[in-house]
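Derivation of every value follows stated rules applied to the coordinates shown; laboratory data play no part. Here the structure is a predicted model, which means the values were calculated and not measured. As a convention, Cβ positions derive from the backbone with ideal geometry for all residues, glycine included, and neighbour counts pool all protein chains shown.
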There are 4 protein chains.
Amino acid sequence: MSRAPDTWILTADCPSVLGTVDAVTRFLFEQGCYVTEHHSFDDRLSGRFFIRVEFRQPEGFDEQSFRAGLAERGEGFGMIFELTPPHHRPKVVIMVSKADHCLNDLLYRQRIGQLSMDVAAVVSNHPDLKPLADWHGIPYYHFPLDPNDKPSQERQVWQVIEESGAELVILARYMQVLSPELCRKLDGKAINIHHSLLPGFKGAKPYHQAYNKGVKLVGATAHYINNDLDEGPIIAQGVEAVDHSHYPEDLIAKGRDIEGLTLARAVGYHIERRVFLNANRTVVL
Amino acid sequence: MSRAPDTWILTADCPSVLGTVDAVTRFLFEQGCYVTEHHSFDDRLSGRFFIRVEFRQPEGFDEQSFRAGLAERGEGFGMIFELTPPHHRPKVVIMVSKADHCLNDLLYRQRIGQLSMDVAAVVSNHPDLKPLADWHGIPYYHFPLDPNDKPSQERQVWQVIEESGAELVILARYMQVLSPELCRKLDGKAINIHHSLLPGFKGAKPYHQAYNKGVKLVGATAHYINNDLDEGPIIAQGVEAVDHSHYPEDLIAKGRDIEGLTLARAVGYHIERRVFLNANRTVVL
Amino acid sequence: MSRAPDTWILTADCPSVLGTVDAVTRFLFEQGCYVTEHHSFDDRLSGRFFIRVEFRQPEGFDEQSFRAGLAERGEGFGMIFELTPPHHRPKVVIMVSKADHCLNDLLYRQRIGQLSMDVAAVVSNHPDLKPLADWHGIPYYHFPLDPNDKPSQERQVWQVIEESGAELVILARYMQVLSPELCRKLDGKAINIHHSLLPGFKGAKPYHQAYNKGVKLVGATAHYINNDLDEGPIIAQGVEAVDHSHYPEDLIAKGRDIEGLTLARAVGYHIERRVFLNANRTVVL
Amino acid sequence: MSRAPDTWILTADCPSVLGTVDAVTRFLFEQGCYVTEHHSFDDRLSGRFFIRVEFRQPEGFDEQSFRAGLAERGEGFGMIFELTPPHHRPKVVIMVSKADHCLNDLLYRQRIGQLSMDVAAVVSNHPDLKPLADWHGIPYYHFPLDPNDKPSQERQVWQVIEESGAELVILARYMQVLSPELCRKLDGKAINIHHSLLPGFKGAKPYHQAYNKGVKLVGATAHYINNDLDEGPIIAQGVEAVDHSHYPEDLIAKGRDIEGLTLARAVGYHIERRVFLNANRTVVL
């Protein structure tokens, strides 16, 4: 799981057809690439092929010609590939409101190296979490929401995302509904943590809904956003047992741990290039 | 958890008011009853008090006068109590269709003594599981469903339940919608296993629904039935992790283990008098 | 689980004998105390009785006379009791070395109110975690270890503990063996997190030991310390699945989450007065 | 996970070297084999490569020439491979003593098709479980143990194993120490369920040991046997939470569920050719 420092990650997907695996592995062999982990999956229901390979950089490796060669090889298969260099750390923007448990967790994991990412900015509609971002030395943008002019706030948010060069946006309990337009821009590039086991309790106050139903388990769902904020492809879900003695505020407290862990797990999968979109589902290799 | 062989169980509930705990414990003390476990819970949202006590039978114990005395003591509190003798084994009727994993599990646990119940009958709309019941020496009633006359089949079912003296009916994947009338008769006396984490995927083919949503967890819910078959108070829920490689049939296989374990857990709680109805929720002490 | 703001906690234990439950509940009733949760357990193997009660403060409540009355009532039973006022926040000293994941987690939970305690000081043999303590506004004492004179460092540590009035010491990955003398002073008052499922891998480098054994689960154990640092009564244990792809450094990373969660759970139980010593075991009510 | 009915499984392992993956995938491609799942892992600590591939049978497939070609291709790599046809059901012998929970579980899963194996015989040193085997139509061999002549009983056991053509022996709570000689014969071919989380509580009465230590988790370990019965490479481990109210007999009851599930999981992995020996560890792909 941990990798030697010269390890590249290659991921690709394309329609299912004979020869996909061979096309990738043969190319890697011809380039002298030593494969340390290879996982591929051919989904017989969706008819799509997914592959993720970790390989050690060979001597005299030239990224440009490697990419060119691979593109040529994959062309006939309609293969979309992604190549991640050893020391790549994706730039990330984290969006928050007032709750800090997910932000605290993400920044902690980034600081100790468990999440190999660079948090370029924290963006919020509230000023509350600025001290936390400050302590980690990360720029904090407070863009208050004008209920009569939401679009202008979203433009500010989008500008930060764009200028930061972020590959990933993390909605770490942002608590605002994004406009369809912004959702579209973030399609497949933003991970949201939903404070419920989807599709169990969509909508407002899921822990109160759960309390009223008397559930014995509460959970959280990390998913990509698409045009419907609470409906994108699920990456990870977490769950914990509760009982009758948990009042709604206890469920919320319990939920914090699950939300933090589940979001961190999903972000880790994304950063390690383990997640593939497969229509409205994900493949996690 | 395991009990000395002379242990009685006393359970009671009533509206919240000062003095409820004392009323029960003082009475037990006056009767010379040695308390080995006592758990009470006062729900500040529903305003209801619940208590479960295990006690050793004192010398010269007289059940009738004990009951009479307790009734008197609890009267002012509106207390409803239940007293379970040491060797009580509730009579149970199990209803099944064709799937045998829950029945197999329940009969096995009864046979080894993990579930202290007497299965008086297995009732089914199909003949398939007769050999399994036969092997355990349990009467099997096959009542086929006539789509044009469901009520007459339900009358047969009900007759078996009544004549057996069953305190509990277990719907171990019965797969049929019961009539509102039968649901009413079984209110709080029948446990159903729903092959999904409610309220996630109600309705038909929950595992296919779960597959289509790309969930990363599947679960099962054991609950009392009330007038709405899939909506009664939840007793226990179980869950297990799945991934993209689980096709619908794999989710179903995975589900079997969770269903069996979750149903057995709920039945165990019921038999040990741990479950209290609290409006549309349960308290499990 | 969450409590009304005027809730007291009463805990007690004594040798098993008829009348223990009644003695406590009758006294509470006579004092007009409204009981919201009551849990008692009589251990038939160790012959000891344990009780934990939450009650609402009645009008005109006088703590001194309440304590005096309770002491009198419990005297014949050899009852040791503890009474915790509604707004009590125990003072706590946290001891650390260089690893910060447990400290980060504890300070975070204290800050958001999930752990109702006042961290009076962080004590360490290294300076590394000072910035983290500073940010939370907590005094940090750096007492380096002189290998030729460990006792003098321990005296410094003990002085901080004593002067702070701490009821609880948390060894949040302190990584040093305490002297038998200090262990004795901290007996039952200090919680340690052992980075392994005891008694599986005691001693140094438990994750490397686990790797070499090819285990499929790693865990952590939170326990009171007694004269043997790694052997005191267990309060909580946590576990997570691993596989062949987890190298030792991956097990360590995985372990961090379990250690943090397990330690926080144990500290929470202690603070809520749920933990009783029962010879070399604990009862958690 | 579930497979199309014409799916073959190819597994192989060899020392780590450039070209291993390519050797296998290129050969499969040249043979026209459609790969549906491919997982390979190169262990950088042990320096060994492991691969598991599922592929659909191409038209005109000839097993003999396929095997010959593959052997040739793998020769330079020192590759040991195994090829499993679509409808292969390994023959299995199950050894038991008196406890039936694991046997019940295995036979049930075999009957419903969740474990694709043929149980050729159940062998025991006690007659107790004969009715259970009978009901499933499986020959039951009762070989009582003469304490003065254990070798002759082991010879009887071995004869059944040999004559049945079993590829796998399952020690489903056999409770007898096997002789070093029999252990050697079964090396890597027999799965044992140890009723404890190894290396936690080896030796007799692990649940009583666990009770005395006051653990909050109990578990079970499924592993291959080698010359040391309780020490072979671990395949799967399971765990469940317990508390102070679990007396030793309750831990044993709790343990039954974990043992059954963990053993079934390990057997499933073995049957699906997911388990590779890697010195004293396993790789499960």
ask   = Kirkwood hydrodynamic radius for the protein assembly as shown: how many Å is it when counted over pairs of different Cα atoms?
value = 32.3 Å
remark   = Measuring from the longest principal axis of the C-alpha atoms of chain D, the long axis of helix D:248-271 (C-alpha) lies at a number of degrees, nearest 10, equal to 20 degrees
request  = Rank the residues C:Val119, D:Val242, A:Val218 as a footprinting-exposure proxy: fewest other Cβ atoms within 10 Å of their Cβ go first.
outcome  = D:Val242, C:Val119, A:Val218
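Per DSSP H run of at least 4 residues, take -39500 (n - 2.57); add these up for the protein assembly as shown, divide by its residues and hand me the 222 nm value, nearest 500 deg cm²/dmol. Can you show the working numbers first?
On the way: 32 runs with 380 residues, N = 1140.
Calculated mean residue ellipticity at 222 nm is -10500 deg cm²/dmol.
Please arrange D:Met95, C:Met117 by how many other C-beta atoms lie within 10 Å of their C-beta, fewest to most. Write out the running numbers ahead of the final one.
Details: D:Met95 26, C:Met117 22.
So the ranking, lowest neighbour count to highest, is C:Met117, D:Met95.
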request  = Starting from the amide H of D:His126, placed 1.01 Å from N in the peptide plane, find each other amide H under 5 Å away whose residue is 5 or more places distant or on another chain.
outcome  = D:Phe143
inquiry  = Rounded to the nearest 20 debye, what is the charge dipole size of the protein assembly as shown about its Cα centre when +1 sits on each Lys and Arg Cβ and -1 on each Asp and Glu Cβ?
reply    = 0 debye
note = The helix A:150-164 Cα axis meets the longest alpha-carbon principal axis of chain A at an angle in degrees, between 0 and 90 and rounded to 10, of 40 degrees
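With the cut-off at 14 Å, report for segment C:7-84 the share of all Cα pairs above it, as a whole percent. Before the final figure, lay out the partial values.
Details: 1745 of 3003 pairs.
Above the 14 Å cut-off, segment C:7-84 has 58 percent of its Cα pairs.
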ask   = Which residue fluctuates the most in chain A, going by a Gaussian network model with Cα springs under 10 Å, if the choices are A:Glu30, A:Glu162, A:Glu240?
value = A:Glu30
note = At 4 °C in a medium of viscosity 1.567 mPa s, segment C:190-285 has a Stokes-Einstein diffusion coefficient, with Rh taken as the Kirkwood radius over alpha carbon pairs, in µm² per second, of 96 µm²/s
task = Can you put A:Glu163, C:Glu154 in order of Cβ neighbours within 10 angstrom, beginning with the fewest?
result = A:Glu163, C:Glu154
inquiry  = Per residue of segment A:80-97, what does 6.51 cos²θ - 1.76 cosθ + 1.60 with θ = phi - 60° give for ³J(HN,Hα)? Whole Hz please, x for Gly and Pro, Karplus curve as stated.
reply    = 9, 10, 9, 10, 10, x, x, 9, 4, 10, x, 7, 9, 10, 10, 10, 9, 10
ask   = For segment C:52-62, what does the Karplus curve 6.51 cos²θ - 1.76 cosθ + 1.60, with θ = phi - 60°, yield as ³J(HN,Hα) per residue in whole Hz, taken in order and with x for Gly and Pro?
value = 9, 10, 9, 9, 7, 5, x, 4, x, 5, 10
remark   = When the charge dipole of segment B:32-135 is computed with +1 at the Cβ of Lys and Arg and -1 at the Cβ of Asp and Glu, the Cα pointing farthest to the positive end, of B:Val119, B:Leu129, B:Ile94, is that of B:Leu129
ask   = Among the lysines, which have Cα under 17 Å from the Cα of C:Lys254 when same-chain residues fewer than 8 positions away are ignored?
value = C:Lys205, C:Lys213, C:Lys216
ask   = Given label points at 7 Å from Cα along Cα→Cβ, what nm distances, shortest first, separate B:Glu72 from the same residue in every other copy?
value = 3.0, 9.9, 10.1
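Can you tell me the dipole magnitude for chain A around its Cα centre, using point charges on the Cβ only (Lys, Arg +1; Asp, Glu -1), in Debye to the nearest 20? Walk me through the numbers on the way to the answer.
Details: 30 positive and 37 negative charges, 108 e Å.
Charge dipole of chain A: 520 debye, to the nearest 20.
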ask   = Tilt of helix B:63-75 relative to the longest C-alpha principal axis of chain B, in degrees (0 to 90, nearest 10)?
value = 90 degrees
key: 3J(HN,Hα) from dihedral phi, segment A:105-121, Karplus parametrisation 6.51/-1.76/1.60, rounded to Hz, x for glycine, proline   = 5, 5, 5, 4, 5, 5, 4, 8, x, 6, 10, 7, 9, 10, 7, 7, 6
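Restricting to Cα pairs below 8 Å that are 6+ residues apart, what does the relative contact order work out to for chain D? Please round to a whole percent. Display every interim value, and only then the final one.
Numbers: 507 pairs, mean separation 43.7, N = 285.
Dividing the mean separation by the residue count of chain D yields 15 percent.
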note = Percent of all alpha-carbon pairs of chain D at distances over 32 Å, whole number, is 32 percent
task = Would you please give the residues with an amide H less than 5 Å from that of C:Leu217, counting only those at least 5 places away or on a separate chain, with H modeled from the backbone geometry?
result = C:Val242
inquiry  = Once the label point is set 7 Å along the Cα-to-beta-carbon vector, what list of distances in nm do you get between B:Ala204 and its counterparts in the other copies?
reply    = 3.6, 6.0, 6.6
